[in-house]
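Visitor: Provided herewith is a single structure, encoded as structure tokens, for subsequent inquiry.
Only the coordinates and a few stated rules stand behind these numbers; no lab work does. Note that the coordinates shown come from a computational prediction; the quantities given were computed from them, not determined experimentally.
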Amino acid sequence: MHLSGADSPPARPAPAKGPAEAFDALYTAHAPGIVRQAYLLTGRRAHARRAARYAFETAWQHWPEVAAHADPAGWARAKAYDWALSPWHRLRPSHRPFFSRGEAGPASGDPLLAALLALPPSYRRALLLHDGVGLGLSATAAEVEASAQAAASRVVNARAAVAARLPGLPGEPGRLAGMLAARLAGPPPAPAGTPETGSAQGVRA
């Protein structure tokens with residue numbers, strides 16, 4: 001009598017990923033989203049891609065730490081946000097007004113982006129993490145290095161400021177969260193002549 005599976009060899013565990021393979025998987029899964037997030041933080045396509053590249057280059061340089069982290073994607077995201085919002089980049093020659101690079105300013109065709117860019121950077125970051133990325137309040141507070149009360153205040157004030165700039169936006173926060181989530185789920189911003197983030201192999205080369 002044949003017993004199904006009686007002679008089947010025991011299942012073998014999947015081989016463990018090496019550092020390069022694990023890094024490439026992290027990059028492939030999260031780099032496009034981090035570019036989109038950095039774009040909503042800054043309104044600058046090239047800047048967003050540089051922020052993501054910096055974050056993943058740094059992650060590769062500190063891979064043992066990142067690999068052991070409870071949230072490797074969050075580790076990279078925090079580095080990208082820090083780089084994107086650093087005031088030192090305003091001193092770079094490449095940090096020029098949109099019209100000087102042949103790009104329309106965000107207010108001319110993207111009211112939501114213009115409303116985000118009008119927020120103080122700390123409000124913008126907290127709002128994007130909480131309502132866009134979908135972090136809980138405690139996780140948002142930890143990432144922005146603030147108390148839960150301070151983080152909540154930033155999110156609430158940011159929502160009110162965005163709603164004031166977008167008269168057609170209903171008052172409920174779920175509507176704004178849906179708009180931000182839709183932006184983050186779409187394709188990365190068009191390069192518009194700027195360097196691409198590159199492949200995972202290129203980032204860790």
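Visitor: Could you calculate the contour length gain from Ala68 to Ala182, that is, 0.36 nm times the residue separation minus the distance between their Cα atoms, to one decimal place in nm?
Guide: 38.0 nm
Visitor: Using the Karplus curve 6.51 cos²θ - 1.76 cosθ + 1.60 with θ = phi - 60°, what ³J(HN,Hα) values do you get for each residue of the range 116-122, in whole Hz, with x for Gly and Pro?
Guide: Running phi through 6.51 cos²θ - 1.76 cosθ + 1.60 with θ = phi - 60° gives 5, 5, 7, 6, x, x, 5 Hz.
Visitor: Applying the Karplus parametrisation 6.51 cos²θ - 1.76 cosθ + 1.60 with θ = phi - 60° to the phi angles of the range 58-74, what ³J(HN,Hα) value in whole Hz is obtained for each residue in order, glycine and proline being reported as x?
Guide: 5, 4, 5, 5, 10, 4, x, 5, 5, 4, 8, 6, 5, 9, x, 5, x
Visitor: Please give the contour-minus-distance gain from Ser86 to Gln61: 0.36 nm per residue of separation, less the Cα-Cα distance, rounded to one decimal in nm.
Guide: 7.0 nm
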